[in-house]
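Reading through the structure tokens given below for one structure.
The values are calculated or read from the model by the stated rules, or taken from the named source; none is laboratory data. Note that this is a predicted model, so its numbers are computed, not measured. For neighbour counting, all protein chains shown are included, and Cβ atoms are generated from backbone atoms with ideal geometry for every residue, glycine included. All accessible areas refer to the heavy atoms of the entire protein, side chains included, with ligands and DNA or RNA removed. Shrake-Rupley method; radii C 1.70, N 1.55, O 1.52, S 1.80 Å.
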Amino acid sequence: MKKELDRIDVKIIAALQSNGRMTNVDLAEKVGISAPPCLRRVRALEKAGYLTGYHADVDSAKLGFTVTVFAMVGLHSQADKDLQAFEELVRSWPEVRECHMLNGDIDFILKCVAEDLSSFQMFLTQKLTPAPNVANVKTSLTIRQTKKQPGVPL
């Protein structure tokens, strides 16, 4: 079911992107409608797949994950079954927080987190590099994060 978005729906999505914890009453006030239709619209946006979840934004360093690394992965085979097998394997690794299939020289880029460089090295040498179909891995260690803004510009 594809739902056409009107300006109120877009305002609801933008507000929830900014603060997913706001109450329905606050959300309704922010977008200029009363609470009951606002809640109906939120439920409809969830059902239509525009709103896919609500998450806490955590401080990874305070939780002990001080290292973030981007791993560029090349595969031996790009046959669909091999791509799907790699993606399934990546989903099982908690160190990998994001995985994107790319067009060009690199097949996938993985955003990985680790407690320290030694932990990342263990992940790299014991899981990622020896994984089936992996031809090569290049890594880039982040120095600092300048911007983190989930969602889309509405």
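Of the residues in the stretch 125-154, how many are in a loop (DSSP other than H, G, I, E, B) and charged (D, E, K, R)?
Final tally of qualifying residues: 3.
So for the stretch 26-40 (the condition being more than 30 Å from L117 (Cα to Cα), touching a Cys at 6+ places or on another chain (Cβ under 6 Å) and not hydroxyl-bearing (S, T, Y)), does at least one residue qualify?
Checked against the condition, which is being more than 30 Å from L117 (Cα to Cα), touching a Cys at 6+ places or on another chain (Cβ under 6 Å) and not hydroxyl-bearing (S, T, Y), the stretch 26-40 yields at least one hit.
Looking at the structure I just gave you, is E87 open to solvent by 70 Å² or more (accessible area, probe 1.4 Å), in contact with a strand residue (DSSP E or B) (Cβ under 8 Å, 6 or more places away or on another chain) and under 28 Å from N133 (Cβ atoms)?
Taking the combined requirement at face value, the residue does not satisfy it.
Filtering the stretch 103-145 down to residues that are within 17 Å of F65 (Cα to Cα) and free of Cβ contacts under 8 Å to residues at least 24 places away in the same chain, which residue is surrounded by the most Cβ atoms within 10 Å (Cβ to Cβ)?
Q121
Looking at S92, is it assigned by the TED database to the domain that holds L124 and free of Cβ contacts under 8 Å to residues at least 24 places away in the same chain?
It is true that S92 is assigned by the TED database to the domain that holds L124 and free of Cβ contacts under 8 Å to residues at least 24 places away in the same chain.
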